[in-house]
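The structure under discussion appears below in the form of structure tokens.
The values are calculated or read from the model by the stated rules, or taken from the named source; none is laboratory data. Values in this document were obtained by computation on a predicted structure and should not be read as measured data. Ideal geometry is used to build each Cβ from the backbone, glycine not excepted, and the neighbour counts take in all protein chains shown. With ligands, DNA and RNA removed, areas are computed over all heavy atoms of the protein, side chains included. Shrake-Rupley method; radii C 1.70, N 1.55, O 1.52, S 1.80 Å.
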Amino acid sequence: MDFNVKKLASDAGVFFSRAMQFTEEKLGQAEKTELDAHFENLMARADCTKNWTEKILRQTEVLLQPNLSARVEEFLYEKLDRKVPSRVTNGELLAQYMTEAANDFGPGTPYGKTLIKVGETQRRLGAAERDFIQSASINFLTPLRNFLEGDWRTICKERRTLQNCRLDLDACKARLKKAKAAEAKAAAVPDFQETRPRNYVLSASASALASCVHGASFPIGVNAKCFPTSPTLISFPVALWPLQLWSDEVEKAEHELRLTQTEFDRQAEVTRLLLEGISSTHVNHLRCLHEFVESQTNYYAQCYQYMLDLQKQLGRFSGTFVGNAESTSPPAAAASPPAGAAAALPAVPTIPVVPTIVGVPSAVAEGVLNPNEVKPPTSGTRKARVLYDYEAADSTELALLADEMITVYSLPGMDPDWLIGERGNQKGKVPVTYLELLS
């Protein structure tokens, strides 16, 4: 093991000097070099970007994967640099259960047919969800995560280096200030050799040091290199250092100050460039946000279309299911509620059903409706406002546009989820869920 004692001692000295400077700044006993306002704004903007990016990233992960254990598992796989195993979505799992239930109940029964159709739609919804999660993870989460784990770590490293350079610079400024104060004090103190009494006898070490100060060589055993930096090692007061030694100390402190100032300026410029790069990060995140919104829009559009198709399919099946039911009319005893119960019930607007319409073919009662053969009743029609666009599945249905007004009415034997709609000369079946019935 290569153990460099000199380097270790030097690093320890630098660390101690920075710690002393930092402590004195916190206690208000030392001056601190302040950065310019623009630089402070850049650092505040970078901190704000980092904090909000972390929050957006975490909440987006919750949106895409609400299961906490699944998120922890994906995090561990990512840290281990292993591929995350494919996981079945909730929609796909529901589709599997519905299909198995339909097979048990009988795929030919009305309930079994409906379970199969709904299960197929749930499977398609689950596949769409999987594609959306994958697209959002690649186009949105990955750039945010790369910023936090890459660019932001680099910025933090350079900011710590800048902080150390600033502490070194302020420590050099403090040493230079003390050296100049001591130099001024030494210039005001008279020469010790001229002011000491005649009968004053110096100690052996002080006498040797005084002779060395006035031009003589250092005695044996006294290291000349230790004299300027460690005067306390020899019995001679620091206040009695000659003026020349303090001048050398001031010159040395000024040289160190110039070096630390240059290093601080260089590091400040490097850090400034990195902080100004936050603007480019915002531009990149804006582009990723647009891609996230686009993928989310496509996902919800697919889900909406799948549900519309399912609703049309169920609407076609409903007439058949009602026709296959054992009883399509309520019992005679339950046909009309008691007078007291009827008075207590709130008034709910309903579509009047015309009991008998002359000219209506018998095919209506059998579940097959030809709008051209249906004549509108003389009474019992209502106005309705269309809530959503609707595309006709076949010639017996009427296509609808949102916010348009049509005339609707019902016929005996019709599926309660459907009405006959008229718009001018056009006529056809319309789903009740797409209408707002007006009184």
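Remark on Leu419: its backbone amide H falls under 5 Å from those of Val430, Val432, a criterion applied only to residues 5 or more positions apart or on other chains, H modelled at 1.01 Å from N. Going by the alpha-carbon gyration tensor, a ≥ b ≥ c the square roots of its eigenvalues, is the stretch 7-158 rounded (a/c under 1.5) or, if a/c is not under 1.5, prolate (a/b greater than b/c) versus oblate? Prolate, because a/c is 1.5 or more and a/b exceeds b/c. Peptides 112-122, 75-85, 428-438 ranked from most to least packed by the mean count of surrounding Cβ atoms within 10 Å: 112-122, 428-438, 75-85. Expressed in units of 2.2 N^0.38 Å, where N is the residue count, the Cα radius of gyration of the stretch 104-191 is 3.00. Charged side chains reduced to their Cβ positions (Lys and Arg at +1, Asp and Glu at -1) give the stretch 76-116 a dipole of some 160 debye around its Cα centre.
Annotation: His290 carries an accessible surface of approximately 120 Å², with a 1.4 Å probe and no ligand, DNA or RNA atoms counted. Rg then Dmax, both in Å and based on the Cα atoms of the stretch 101-148: 18.3, 56. Partner lysines whose Cα lies under 16 Å from the Cα of Lys429, excluding those fewer than 8 positions away in the same chain, are identified as Lys312, Lys375, Lys383. Placing +1 on the Cβ of each Lys and Arg and -1 on the Cβ of each Asp and Glu in the stretch 86-177, which of Thr114, Leu162, Gly150 has its Cα farthest towards the positive end of the resulting dipole? Result: Leu162. Computed from point charges on the beta carbon alone (+1 for Lys and Arg, -1 for Asp and Glu), the dipole magnitude for the stretch 377-439 about its Cα centre is near 320 Debye. For the stretch 51-140, the relative contact order is 25 percent, taking Cα pairs closer than 8 Å that sit 6 or more residues apart in sequence and dividing their mean separation by the residue count. When every Cα-Cα distance of the stretch 21-70 is counted in 10 angstrom steps from zero, the calculated P(r) takes the values 21, 21, 25, 17, 14, 2 percent. Only protein atoms count toward the accessible area here, which uses a 1.4 Å probe; on the stretch 99-174, the carbon and sulfur part of that area reaches 51 percent.
Largest first, the residues Met414, Met20 sort by 1.4 Å accessible area into Met20, Met414. For the pair Glu34 and Ser395, a Förster radius of 60 Å applied to the C-beta separation gives a FRET efficiency near 0.15, rounded to the nearest 0.05.
Within the assembled protein chains, the solvent-accessible surface assigned to Glu34 is about 130 Å², based on a 1.4 Å probe. At full extension, Thr407 and Val270 could sit 42.0 nm farther apart than now, given 0.36 nm per residue minus the alpha carbon distance. Within the stretch 115-134, name every residue whose backbone N is under 18 Å away from a label modeled 7 Å from Cα of Tyr97 along the Cβ vector. From the stretch 115-134, the list is 115-127. Between Lys375 and Arg45, full extension at 0.36 nm per residue minus the direct alpha carbon distance yields a gain of 111.7 nm.
Excluding ligands, DNA and RNA, the accessible surface per residue across the stretch 24-134 is 67 Å² with a 1.4 Å probe.
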